[in-house]
């Protein structure tokens, strides 16, 4: 383990075999969740004259980054009176495994959503104040200028790489937050090589062509006059 296992006994005999059994169960948990950073185990007998249920209480406190904690408590009334201490300890670790399983799945889902929440701008309608982004899985998602972070809507161009948060709107998926990552000229990691991303040179060429068309148009107007 990254940190030593802390085992405490209260009104229960601290025997080498029980200590070794607890460490074995903790090592099994570590194999399943290798990034757990601490494991505290408390074994106690709350009432020596306990008549109903098993006399043992076992508590596990397991810390998992970032800032997560798995807590399992097996109280005397949770167990059969005939259960041995090993059985109570084993049940506690099984419950911890179930909680860790759910936690790991949630964390994997959060990582997956974070990885997918990258896209690039494919269509822009500056006068109307909206546009569309293309996600890594090929979907087109609508966004409004009000959803662009730091009031950066006017900085957007075709090919701008963005991070975004998405929700389902009345007319389909829409981005509730759009934040610029890279301007055109940087290809987005994870997208196909034929994705329509402009280079900086392409953008400059387009600007020159636009200016040339404007000059040509003005010349035609003067000749017509």
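The values are calculated or read from the model by the stated rules, or taken from the named source; none is laboratory data. Nothing here was measured: the structure is a model prediction, and the numbers come from that model. Counting neighbours? That spans all protein chains shown, and the Cβs are built from the backbone with ideal geometry, glycine included.
Determine whether the range 135-142 contains at least one residue that is in a strand (DSSP E or B), within 21 Å of the chain's Cα centre (by Cα) and without any contact (Cβ under 8 Å) to a residue 60 or more places away in the chain.
Going residue by residue through the range 135-142, those that are in a strand (DSSP E or B) are 135, 140-142.
Right, trim to within 21 Å of the chain's Cα centre (by Cα) and you get 135, 141.
Now drop any that are not without any contact (Cβ under 8 Å) to a residue 60 or more places away in the chain, which leaves 135, 141.
There is at least one residue in the range 135-142 that is in a strand (DSSP E or B), within 21 Å of the chain's Cα centre (by Cα) and without any contact (Cβ under 8 Å) to a residue 60 or more places away in the chain.
Just to check your reading of the model, which residue among 137, 152 is over 10 Å from residue 121 (Cα atoms), surrounded by fewer than 18 Cβ atoms within 10 Å (Cβ to Cβ) and touching a strand residue (DSSP E or B) at 6+ places or on another chain (Cβ under 6 Å)?
Working: 137 fails: touching a strand residue (DSSP E or B) at 6+ places or on another chain (Cβ under 6 Å).
Step by step, each of 137, 152 is checked, and only 152 is over 10 Å from residue 121 (Cα atoms), surrounded by fewer than 18 Cβ atoms within 10 Å (Cβ to Cβ) and touching a strand residue (DSSP E or B) at 6+ places or on another chain (Cβ under 6 Å).
Would it be correct to say that residue 108 is exposed (fewer than 15 other Cβ atoms within 10 Å of the Cβ), closer than 30 Å to residue 175 by Cβ and either modelled with pLDDT of 85 or more or in contact with a helix residue (DSSP H, G or I) (Cβ under 7 Å, 6 or more places away or on another chain) (or both)?
Numbers: exposed (fewer than 15 other Cβ atoms within 10 Å of the Cβ): yes; closer than 30 Å to residue 175 by Cβ: yes; either modelled with pLDDT of 85 or more or in contact with a helix residue (DSSP H, G or I) (Cβ under 7 Å, 6 or more places away or on another chain) (or both): no.
Against the criterion (exposed (fewer than 15 other Cβ atoms within 10 Å of the Cβ), closer than 30 Å to residue 175 by Cβ and either modelled with pLDDT of 85 or more or in contact with a helix residue (DSSP H, G or I) (Cβ under 7 Å, 6 or more places away or on another chain) (or both)), residue 108 does not qualify.
Which residues, counting only those in the range 20-40, are modelled with pLDDT of 90 or more and surrounded by fewer than 15 Cβ atoms within 10 Å (Cβ to Cβ)?
Taking the range 20-40 and keeping what is modelled with pLDDT of 90 or more, we get 20-26, 39-40.
20, 24 - these are the residues of the range 20-40 that are modelled with pLDDT of 90 or more and surrounded by fewer than 15 Cβ atoms within 10 Å (Cβ to Cβ).
Give the residue that is modelled with the lowest pLDDT, with candidates limited to residues of the range 144-159 that are farther than 15 Å from residue 175 by Cα and part of a loop (DSSP other than H, G, I, E, B).
159
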